Amino acid sequence: MQQKRSKNYLILVFLFSALFLTSCEDPELDALMSDYCECISQSRYDETKQMECAEMMNSITEKYEGQPRKIKTVLEKTDECY
């Protein structure tokens, strides 16, 4: 009986861990940040794109306003662009 209980406990821990790890991913945010990083990369050679990139970042921060974890992710991914 004790062995069955510990096995069920391990399964529960595994399921909660899997849910937690997958809930942190946001494919939409990843795509937006990928586009932003590409814009930044292009703006190095084309100064006219700088305003477009700034507007893009503004719309991203507005979209995730009030969501501190997502804003933190935006900041972390922004650092990866440079």
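A few comments on the model shown:
- Just one of the listed residues (T48, T22) is open to solvent by 100 Å² or more (accessible area, probe 1.4 Å), hydroxyl-bearing (S, T, Y) and modelled with pLDDT under 95, and it is T48.
- In region 59-79, of all residues being more than 12 Å from the chain's Cα centre (by Cα) and open to solvent by 80 Å² or more (accessible area, probe 1.4 Å), the one that is modelled with the lowest pLDDT corresponds to D79.
The values are calculated or read from the model by the stated rules, or taken from the named source; none is laboratory data. Small disclaimer: the values here were computed from a predicted structure and weren't measured. To get the accessible areas, we keep the full protein, side chains included, count just its heavy atoms, and leave off ligands, DNA and RNA. Shrake-Rupley method; radii C 1.70, N 1.55, O 1.52, S 1.80 Å.
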